[in-house]
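Right, one structure below, let's go through it.
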Ligand SMILES: Nc1ncnc2c1ncn2[C@@H]1O[C@H](COP(=O)(O)OP(=O)(O)OP(=O)(O)O)[C@@H](O)[C@H]1O
Ligand SMILES: Nc1ncnc2c1ncn2[C@@H]1O[C@H](COP(=O)(O)OP(=O)(O)OP(=O)(O)O)[C@@H](O)[C@H]1O
Ligand SMILES: [Mg+2]
Ligand SMILES: [Mg+2]
């Protein structure tokens, strides 16, 4: 019955398991990259301007915010959670930042305002989920309404126009180095940071553990509460930062900023191969997922595909992505099972 | 057809008006103490805030009670609930900018049956469902001046495209139709080609990326016409930050406050708009007039709208504010809305 | 005292959340009728019934689905797509009598697609229905694009808003009541209902007890789609306007009322009466606040807070109970 | 009785073979850890009434007791997972109160739990070091170092596991080994092991004992829980016996014979446990031919006759559960035929099996047997819902009558039928599971670990029940890890090893040696260590 000395030939021969795992991970990333490449090549062949500096810059602009929020969402989803309130959080932060700036607050301070607001929203979510023992879906569905309501209260019908914002801020929002927008650079850096946090730091690994087997996490004495709070606050803070970037990019901010964004973000994360039930997935995958969705929505008009088709295609793609993920997962599981078993 | 948002068999049996019945008494005075409510496409929209300011001023002047209420999302179904509420509160008049030409009719009929005067402004419903419609401008006039400006800025030749609001917006579609007709018929515009119509849904972000799409799909695009305040602002911001600045002309309908900087930096030469505040005022006066029995909505009736002057009710119970104002570097600083 | 409270069956059932929500609803209706002008009127009651119809119908099936531990976020998009399809058929000159059953059928098919992905391929329903949410909404734009189809026969559109004779009772009330009752019986007094609870409470044990969990869930999604199709018909006629964006964003409201009604998002717990009460409560609160000239902003906040409190409150109560019992044991 | 005596002798012999040369621990001023008067209840269940324990550094201390005696609960209190309702814990004479696993770990208490709980998505190496991964520059995790340590650890335990493979999909045995390695790597002052050997083979057990004894010599205090008394004798210096949540006794291991230990655990003469029964089996009810499930069980052939009790025995992990799951159809079979009264059952269709008169009382009560949050009523009638309904409609009355009748017949103790079944004691939970299946009036009753985690009294009742059913002509197929139970109840014992049927023992021939020989695959029980 044992996989040990008695039958060395049948042991899960070194590497099998891990290579199988790597294969899945690599495959996911690979799949996404292939899809991306294919899409870009096709689009470019139809309309070369799609690869023009301007067009690429636009694409990265559009991707910046989504990537950022996808990173935050990943952190929460890994813990078996979800944050449906990111759209509202982004709206709140964007509006607060913009008003702060328009009333002459120095940019760095406004930046803190935005991120702080986001973090606060995240803390609220985390508290409701951890201390209130409210399922994340319910809690954040509730705060989705509440936060949006707060934005309406503060903003009302008013709108902050580009002309009210400091030039420097807007230039930063539309500026780029070597064709890469500052905004995207920021998102990319944050993404990298989160990736390192999740893969190379104990706190990060704990998040995977929590999502993978909460009961075991309790037995191992992992600080579940602190970790959950970290996850939600981080997610909120990134949504807050997203709000700042949003303000920088669009210049005009009104109460509807980020309305209905949450499901796209969840979609991006799912497409990126993060398991909706926690424990597995990488922030890089989520980033790629976000990028892919952005490229699609930018490419479809260029491909002269009727804009009314775009949403449908995105939906179909999500289904395809999770179905593929499942397929690969099953394959790997069967492989592992056969290797692990002692019964020839 | 488009006037009914694309429906194929619209029925405009009774040409608006008469619904209130009774006969008009041109010499009557405006009643005081009227309760008038404005129901915009959605609250949180600066354009309607401006109109509301105008209407409120009028109502207070007439010693009436004024309310500004509406949904936060620009959808017909949520407007219905607000209409029902208002009709139960038995408001004397509703000033409505409709999200859908037909979806609201049932509730409007109920409201009017309860004696509430329904005056639409900015965006109309089926003529049979309201008493009067206060049109910002005569639709054709808008189309004409938009094309004029586009022609001037492109030298009368090249590809042009339209960045519209939501795909169902009655007024937008009417204007686009008029433009197409004019392009067909008018020899001066022979060299202008309308290559595309895209919809920004009056959302800043969507308008912004739709502009991107336009410029990529149509390399030779000469001008963009955006007959919506949200759209033109977003497009202008995109152009001002892109390599197309100054290459591609942009005109349309926008508010001076939003467009000021783009006039300044040369992204935009000239655009037009009526004064939404004045529109709100006129709507309020029209409603008050109807509620006071000064007019019934029948063609040819005349009433005085305070400082705005004298207005005549046209066919289908339409009252028109007047030709749009054009804004450019010379005059833009005279306006603040 | 806590012991007595627990040991009395009657009191205990009162302490359950759906009982609480029903009480809250009744209380609110009474108070509002007294304090809010125009709220108590028959006319307003009529409006209420018509306003809550779509949410209530969708919530009926959503309750069963959440009860099994799954979720369907695509209902609103399904409504939109069926509505759009109706528009296309109507323009093609198909008679309304033919269109209506076809619409319901289409809904069922769309639901079956969800069911296939979820029970067939074993994918998480949250992810799947987010996908179909986008897909179905997209398809409805593909069908109808930016146009709206509005010229529906008056006698039909009128019926959805009309009342039975002069009685002031909305035509919709009777069929809705019947449907609600039917679902209540289905869930609480049939073998099928038992299977639903079992599948939600512990799918493994349910399977060991001979419940065909996957088949059960599949048919629930078909039902959800069909109901969405029905609501699509209702929506189109009530607003006499078939549009791609009909019922946009309604899914969250439906999920909200189901959870507010005391159904556990993890399945196995909850009851239909609670959900029905929640639908009435939410609609009535919004209606009353509007009548009381409360701002749109407040409506949003109230909705969200209600939802959180609905789930938070029982948890706090029960944990308080735990503490109490623990202390008793120590002192004993 | 004679069979039972044999058990003891066998245990004694085996223990001599396994025994590690143990030098007596030096006398201690204070025990490292001492629990006194500990009580803990779960709703109606009184898991612990008055439990106590003293552990000295450098000693290996055995904790024995029947299923449900409260051993695991005591452990979980020691580990800070449960708060005791009464009693106190002292370390080095200082009173301590643990609020969570973290506290206990910090205090130097490492625990191997009865049910392995790994993080499936993390690699084996990370599972070993989660929360305390070796860190390099900038506090980043040093993966190479982690892998090295893991490899070293496995080396020491002689485990051939790849540290980089995901924990998901590890066999029960391998999962247990990872848990052991993890606990040992903690270098704790107190190492608690709750039935660590349940899933292990002889060789692994020896290696484990080697490593544990090394730790003990370095001064670690070991608490060892096992149902295998020979192991207790082999490893431990002192032994504490628990019964029904109470401490019965604590003695030096040499001071008590296995015989005496068992008597104290059980509180009565074992041989009385198994009702004697003369059966003349009827026709074949269940026929299994060439049943196979990839990686789990293979080429299983056997039959069960009416009125016969057949036991499917083997070491944990032998694939018995997998086999009966395939028979019942809850899991599809990859090959083979399963027929009831000659009619073949569709693969993977439990409903068909139920229609054919098959009932399965599953291995895992809480996971597979019950809807813990739902009422006793709902649970007891779930399997009968169709027969209790009229045109699909259920009248509460019929359900209540049915539930009351069957829970009554099994003497289940509960407050109201509407109480959530999760609030019942383990034993009563098991009775509800039995009730819900007996109510279906099965031709073939399959019971998988029917007495796992239920108290001694109930156990006897269950045994009586099973033999009564057999006497009434029901065919009974029993899976059990408890040897005495198997040997006491079964007319025939089918022995499984590594997913294969390796032999059959008819009643007279069914002895522990015979079983052990077949089950462990070691030709001569006497040469375990070779
Ligand atoms: N979480 C729980 N909720 C309710 N009852 C429980 C819980 N855990 C244990 N029990 C009950 O407490 C009693 C003691 O359980 P425990 O697991 O300590 O026994 P044990 O001695 O470990 O048995 P085994 O030898 O089978 O492991 C049993 O009757 C069990 O059913
Ligand atoms: N989660 C799992 N992943 C992979 N293999 C497993 C898993 N669980 C069990 N196995 C393997 O399947 C076989 C049977 O497991 P299982 O423990 O159910 O057998 P069993 O004879 O029923 O033992 P018991 O009933 O005493 O637990 C064993 O070889 C075990 O290693
Ligand atoms: Mg135990
Ligand atoms: Mg088993």
Counting all C-alpha pairs of segment C:113-237, share separated by more than 24 Å (%): 49
Cα long-axis angle, helix D:456-471 against chain D (0 to 90 degrees, to the nearest 10): 30
Whole number please: convex hull volume per residue, Cα atoms of chain B, in Å³. 126
Kirkwood Rh, Cα Rg: Rg to Rh for segment B:195-337? 1.10
Considering just Cα atoms, how many Å³ per residue does the convex hull of segment A:63-265 enclose? 106
Cα centroid of segment D:218-241 to Cα centroid of segment C:290-307, whole Å: 65
Full extension from residue D:217 to residue D:346: what is 0.36 nm times the residue separation minus their Cα-Cα distance, to one decimal in nm? 40.7 nm
Projected area, mean over directions - segment A:158-306, Cα convex hull, nm²: 11.6
Over the Cα atoms of segment D:401-516 the radius of gyration and the largest Cα-Cα distance (Dmax), both in Å, equal 15.7, 48
Taking the Cβ-Cβ separation of residue D:355 and residue C:266 as r and a Förster radius of 51 Å, what is the calculated FRET efficiency to the nearest 0.05? 0.95
Tilt of helix A:307-340 relative to the longest C-alpha principal axis of chain A, in degrees (0 to 90, nearest 10)? 20
Taking segment B:232-291 on its own, what percent of its Cα-Cα pair distances exceed 18 Å? 44
Can you give the FRET efficiency to the nearest 0.05 for residue B:308 and residue A:158, using r as the Cβ-Cβ distance and R₀ = 25 Å? 0.40
Which FRET efficiency value, to the nearest 0.05, is calculated for residue C:97 and residue C:313 with the Förster distance at 41 angstrom and r the Cβ-Cβ distance? 0.30
Quick check: pseudo-label points 7 Å beyond the Cα along Cα→Cβ at residue D:88 and residue A:320, how many nm apart are they? 6.9
In deg cm²/dmol and to the nearest 500, what is the mean residue ellipticity at 222 nm of the protein assembly as shown if only DSSP H runs of at least 4 residues count, each as -39500 (n - 2.57), divided by the residue total? -17000 deg cm²/dmol
Two decimals is fine: what is log10 I(q)/I(0) at q = 0.17, 0.22 Å⁻¹ for segment B:152-268, from a Debye sum with one equal scatterer on every Cα and no solvent? -0.78, -1.30
Where the convex hull is taken over the Cα atoms of segment C:42-292, what is its projected area averaged over directions, in nm²? 13.6
May I ask for log10 I(q)/I(0) of chain D at q = 0.09, 0.10, 0.12 Å⁻¹, from a Debye sum over the Cα atoms as equal point scatterers with solvent left out? -0.70, -0.87, -1.24
With each pseudo-label sitting 7 Å past Cα toward Cβ, what's the residue D:401-residue C:293 distance in nm, one decimal? 6.5
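Below 8 Å, C-alpha to C-alpha, sequence gap of six or more: please give me the relative contact order for segment C:247-296 in percent.
Taking the mean separation of contacting Cα pairs over the length of segment C:247-296, I get 26 percent.
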Calculated diffusion of segment D:149-258, Stokes-Einstein form, Kirkwood radius summed over Cα pairs, 20 °C and 1.002 mPa s, µm²/s: 142
Once you put a point 7 Å from the Cα of residue C:164 and another 7 Å from the Cα of residue B:333, both along the Cβ direction, what distance in nm separates them? 7.2
quick shape note, segment C:218-302: Cα extents on principal axes in Å, largest first -> 44, 36, 18
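Below 8 Å, C-alpha to C-alpha, sequence gap of six or more: please give me the relative contact order for segment C:42-292 in percent.
Value for segment C:42-292: 40 percent.
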When the Kirkwood hydrodynamic radius is evaluated over all pairs of different C-alpha atoms of segment C:196-241, what value in angstrom, to one decimal, is obtained? 12.3
Given an 8 Å cut-off on Cα distances and at least 6 residues of separation, report the relative contact order of segment A:63-265 as a percent. 48
If you consider only alpha-carbon coordinates, what radius of gyration and Dmax does chain A have, in Å? 21.7, 78
Using only Cα atoms and rounding to the nearest 10 degrees, what angle (0 to 90) does helix A:202-212 make with the longest principal axis of chain A? 70
Please report the Cα spread of segment D:80-210 along all three principal axes, rounded to whole Å, starting with the longest. 44, 44, 26
Rounded to the nearest angstrom and ordered from largest down, what semi-axes does the equivalent ellipsoid of segment D:371-441 get from its C-alpha gyration tensor (root of 5λ)? 19, 12, 10
So for the protein assembly as shown, what percent of the C-alpha to C-alpha distances run longer than 67 Å? 20
When chain A is modelled as a GNM with alpha-carbon springs shorter than 10 Å, which of A:148, A:205, A:80 fluctuates the most? A:205
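Coordinate-derived values only; no laboratory data. Nothing here was measured: the structure is a model prediction, and the numbers come from that model. We place every Cβ from the backbone using ideal geometry, glycine too, and count neighbours over all the protein chains shown.
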